[in-house]
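See below for the structure under consideration.
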């Protein structure tokens, strides 16, 4: 174990020396799934930011870590890529990816899917950029507090059964995914900390997918339809899956203010579909998972590995634990929707 | 002359062998390289495909296994989270139910954060404080992940634990622990053929072995660290292996599949050996067949050459046929050679025979020239005339005789001009006419344009002599002899005509027969003339006899004019 660490340090150290001053003309971008809306937005921003400065090779793993491992192996061994941007399928594979990159004198920037702290510890060739999930959970909780009002006397319009508790369900992205776990945990604990009593009816795992969320509602809605007062979704896609079902069943009314909907819906990410759902009066709010800021931090890391430019200059984020960057989001409701959603 | 000529460095055989050796060797080398490369590439890529399928299959089995286990864990975790309160009885029966549905689960237990057992699906779990155990600590320190222990072999069963930090009841936290049986997943290994000493290793991210199907070879872990994940062809202890490493989903473990691919090297060297044997056989066969074929050409040629050398030493006369066997061309050449040699030999013999005949006939002509019988008859006649004081006649006879002999001898030449030939027969007839007392007349009409041709001498005199002896001498009424000569249809034609008794048909036939067989007849003179004109002028030269009884006889001599030389003067 110790020998291994030292070896990695030596390899990474040597790597930094050689890579200083020589900017990689290309890097590979590995994405866990081509259908994830937020990841696609993030990818587009990264592509915009890099412009013509880099050749970027994009590979989609379609939910298979094994496929991604093959793609990484090929990029390192056949294409001799020196910089990998990896959005993992299974976060536990980070240690292998870091090690493989070390052996091939390459650097790796993980994004969106967070490696274990233990795996990143002291790894000079690895970096992580992601959202601050706990903070996002807190923001989602605050949106709920805006809806329900004071914890002592909940708004009776939304506390439908008048029991003074918030009946909630959570649409969870993935079991074991740090974003999902932290968002889900934090939204409940923040509400509890602020004095609200929350009755979590159930947590449903829908794998970040609009379709899966819709299917889940088809199967399970009957079990909670009389009780549920608010739906916390880990992302906008799943929130939209729920919305699709509720519109179909006429639970969501068309063309009314969101305050008139009998069930309140909250998302995370502020993707295009999420913002439209807010605009159309179906979703109360979402939390901006700031793709722009994340992409800019990723590009800082790319430049750092390319030419050794210090990441802490001119940045509005902090580097924690040596190689982790968490980008804080902000909450979005109808009142502060981005301008492009306001015109009509 | 020595046999080594066949192996001369510029000889056909040597050249063929040289050229074909080079071509054959180039061909063999090209074949060798091409087949080796194609074979090697194919077998390696085929093998890689097969191996990747095998490892994919294996890692899918393990991925599915762990996914199943993790799903169960997640479901229980979700269930625990959902329940506001828990009752130990209900939870125990729920654990038992789950355990009974999943055969790989040996036990499900829930421990409190302090390490004491809360509930278990079986009764034999320790009641002691477990908070110091590795599985407990790791799960407590990594609340979001499933912690797997390494796999222990207990009484033939491969067991390991999965532990997970969970929330149960309201605000209660603890560790959920599964004891899992890996034996079945390992059993699937035996279905997969990894070759001699091929094996499977599962290890964690610190390269500590979790499970190994066989004892690890020294240096193997170093290879794992070099490859990390992916595939590689490696050598260990003199064996070739295909190494494939994958991570196992939902765990921090990695699966290394090491399959023996010695067969690639073995088949490759087998191919090379087979190639080599085929090449050598092919080469030997090529050289041997070239040798045979070239021998079929060179040996007959060599034989012909020896035969020619023999001829140059011994001459054509005794030339023998050369018997050869070889290619069609050489056999044809030998056949033509033999025909040519035989023809030359025949011609040579013919020439010799003809020369002999000519000499013989010339000798007999010479004998005729100085026929003593004719000479003393004539001299008797001259004496007789002188006694009768017929001096003028005697004088004429002597002059004629003198001319006759001068032309006969003609300085030993065998050919004379027709003018001289005609003069010769005229003098002969003059002498005879005087001897036979004007008993016959003669007339010679030879066309002037043939006078200068040169013919073998004394061809008319024997015919004229026959005409006198057989046509005139015993005829009391005397007779007349006519000699004609002219050019007709490419032949010089002489005709000697008498008006004697004529010759019987069968007698003529006898004369003709005597021309071709050496049968002695009366017509010795005619036969001699015939033989000589044949010798000198070939088969076209001929003598014809026409006779009518009591009217006379005509003898024709035909000489092809193209064979006759003309006197330059």
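The values are calculated or read from the model by the stated rules, or taken from the named source; none is laboratory data. Everything numeric here is computed off the predicted structure, so don't read it as measured data. Here the Cβ is made from the backbone with ideal geometry for all residues, glycine too, and neighbour counts use every protein chain on show.
Out of all the residues in region A:294-311, is one or more part of a loop (DSSP other than H, G, I, E, B) and closer than 30 Å to residue A:213 by Cα? Among the residues of region A:294-311, not one is part of a loop (DSSP other than H, G, I, E, B) and closer than 30 Å to residue A:213 by Cα, which makes the answer no.
With respect to the stated conditions, residue B:317 is more than 14 Å from chain A (Cβ to nearest Cβ), in contact with a helix residue (DSSP H, G or I) (Cβ under 6 Å, 6 or more places away or on another chain), surrounded by fewer than 18 Cβ atoms within 10 Å (Cβ to Cβ) and farther than 20 Å from residue B:43 by Cα.
Quick check on region B:146-181: of everything there that is assigned to a loop (DSSP other than H, G, I, E, B) and touching a residue at least 60 places away in the same chain (Cβ under 8 Å), which residue is nearest to residue B:103 (Cα to Cα)?
Quick first cut of region B:146-181, residues assigned to a loop (DSSP other than H, G, I, E, B) only: B:146, B:149-151, B:155-156, B:169-171.
Applying the additional criterion that residues be touching a residue at least 60 places away in the same chain (Cβ under 8 Å) yields B:146, B:150-151, B:169-170.
Details: B:146: 20, B:150: 19, B:151: 17, B:169: 27, B:170: 31 Å.
Only one residue fits best here, namely B:151.
Going by the conditions given, is residue B:422 in a helix (DSSP H, G or I), in the same structural domain as residue B:555 (by TED's automatic domain parsing) and either exposed (fewer than 15 other Cβ atoms within 10 Å of the Cβ) or free of Cβ contacts under 8 Å to residues at least 60 places away in the same chain (or both)? So residue B:422 does not fit the description; no. Only residues that are under 24 Å from residue B:252 (Cα atoms) and buried (at least 23 other Cβ atoms within 10 Å of the Cβ) were counted across region A:115-138, and they come to 9.
Screening B:329, B:310, B:299 for residues that are part of a helix (DSSP H, G or I) and over 17 Å from residue B:12 (Cα atoms) leaves exactly one candidate, B:310. State whether the residues of region A:162-170 include one that is within 14 Å of chain B (Cβ to nearest Cβ), within 30 Å of residue B:252 (Cβ to Cβ), crowded, with 19+ Cβ neighbours inside 10 Å and in contact with a helix residue (DSSP H, G or I) (Cβ under 8 Å, 6 or more places away or on another chain). Within region A:162-170, one or more residues are within 14 Å of chain B (Cβ to nearest Cβ), within 30 Å of residue B:252 (Cβ to Cβ), crowded, with 19+ Cβ neighbours inside 10 Å and in contact with a helix residue (DSSP H, G or I) (Cβ under 8 Å, 6 or more places away or on another chain).
Report, by residue number, each residue of region B:245-282 that is in contact with a strand residue (DSSP E or B) (Cβ under 7 Å, 6 or more places away or on another chain) and away from chain A (no Cβ under 14 Å).
B:258, B:259, B:260, B:261, B:262, B:264, B:265
Checking B:63, B:71 one by one, the residue that is free of Cβ contacts under 8 Å to residues at least 24 places away in the same chain, assigned to a helix (DSSP H, G or I) and not assigned by TED's automatic domain parsing to the domain that holds residue B:168 is B:71 and no other. Among the criteria (1) within 14 Å of chain B (Cβ to nearest Cβ); (2) touching a residue at least 24 places away in the same chain (Cβ under 8 Å); (3) over 19 Å from the mean Cα position of the chain (by Cα), the one residue A:118 does not fulfil is (2). Residues of region A:3-13 include at least one that is surrounded by 19 or more Cβ atoms within 10 Å (Cβ to Cβ) and modelled with pLDDT under 90.
Filtered by the rule that a residue be touching a strand residue (DSSP E or B) at 6+ places or on another chain (Cβ under 7 Å) and in a helix (DSSP H, G or I), region B:550-566 gives a lone residue, B:561. Based on what the data block shows, is residue B:559 buried (at least 16 other Cβ atoms within 10 Å of the Cβ) and either under 60 Å from the mean Cα position of the chain (by Cα) or under 30 Å from residue B:350 (Cβ atoms) (or both)? Here the answer is yes, as residue B:559 does meet what is asked.
Looking only at region B:58-99, filter to residues that are within 19 Å of residue A:169 (Cβ to Cβ) and surrounded by 14 or more Cβ atoms within 10 Å (Cβ to Cβ); which one of those is nearest to the chain's Cα centre (by Cα)?
Residues of region B:58-99 within 19 Å of residue A:169 (Cβ to Cβ): B:74-75, B:77-84.
Filter again for surrounded by 14 or more Cβ atoms within 10 Å (Cβ to Cβ), leaving B:74, B:77-81, B:83.
Details: B:74: 81, B:77: 85, B:78: 86, B:79: 88, B:80: 90, B:81: 91, B:83: 95 Å.
The selected residue is B:74.
Identify all residues within region A:171-203 that are assigned to a loop (DSSP other than H, G, I, E, B) and either within 21 Å of residue A:33 (Cα to Cα) or at pLDDT below 85 (or both); write none if there are none. Within region A:171-203, A:173, A:174, A:175, A:176, A:177 qualify.
Of the residues making up region A:193-205, those that are facing another protein chain (nearest Cβ under 9 Å) and closer than 12 Å to residue A:165 by Cβ are A:199, A:200, A:201. I'm trying to understand the selection: among the residues of region A:82-97, which are more than 9 Å from chain B (Cβ to nearest Cβ) and either closer than 17 Å to residue A:302 by Cα or more than 20 Å from the chain's Cα centre (by Cα) (or both)? Within region A:82-97, A:82, A:83, A:84, A:85, A:86, A:87 meet the criteria. The single condition among (1) over 23 Å from residue A:209 (Cα atoms); (2) out of contact with any helix residue (DSSP H, G or I) (no Cβ under 6 Å at 6 or more places or on another chain); (3) more than 9 Å from chain B (Cβ to nearest Cβ); (4) crowded, with 23+ Cβ neighbours inside 10 Å that residue A:79 does not satisfy is (4).
Identify all residues within region B:223-244 that are outside any strand (DSSP E or B) and away from chain A (no Cβ under 11 Å); write none if there are none. Within region B:223-244, B:223, B:237, B:238 meet the criteria.
Please verify whether region B:476-494 includes one or more residues that are closer than 28 Å to residue B:396 by Cβ and in a helix (DSSP H, G or I). No: region B:476-494 contains no residue that is closer than 28 Å to residue B:396 by Cβ and in a helix (DSSP H, G or I). Only one residue in A:339, A:296 is surrounded by fewer than 17 Cβ atoms within 10 Å (Cβ to Cβ) and more than 22 Å from residue A:171 (Cβ to Cβ). Which one? Criteria check complete, one pass: A:339. Within region A:23-67, if we keep just the residues that are within 14 Å of another protein chain (Cβ to nearest Cβ) and more than 20 Å from residue A:179 (Cα to Cα), the residue that is surrounded by the fewest Cβ atoms within 10 Å (Cβ to Cβ) turns out to be A:67.
Cβ-Cβ contacts under 7 Å between residues 6 or more apart (or on different chains), taken from a first residue in region B:182-210 that is outside the structural domain of residue B:104 (by TED's automatic domain parsing) and at positive phi to a second residue that is modelled with pLDDT of 85 or more and in a strand (DSSP E or B), are listed as B:195/B:259; B:195/B:260; B:197/B:239; B:197/B:260. Would you confirm whether or not region B:208-217 contains a residue that is over 19 Å from residue B:159 (Cα atoms), touching a strand residue (DSSP E or B) at 6+ places or on another chain (Cβ under 9 Å) and not in a helix (DSSP H, G or I)? Checked region B:208-217: at least one residue is over 19 Å from residue B:159 (Cα atoms), touching a strand residue (DSSP E or B) at 6+ places or on another chain (Cβ under 9 Å) and not in a helix (DSSP H, G or I). When we screen A:273, A:287 for residues that are surrounded by fewer than 24 Cβ atoms within 10 Å (Cβ to Cβ), under 24 Å from the mean Cα position of the chain (by Cα) and either on the phi < 0 side of the Ramachandran plot or not assigned by TED's automatic domain parsing to the domain that holds residue A:47 (or both), the only hit is A:273.
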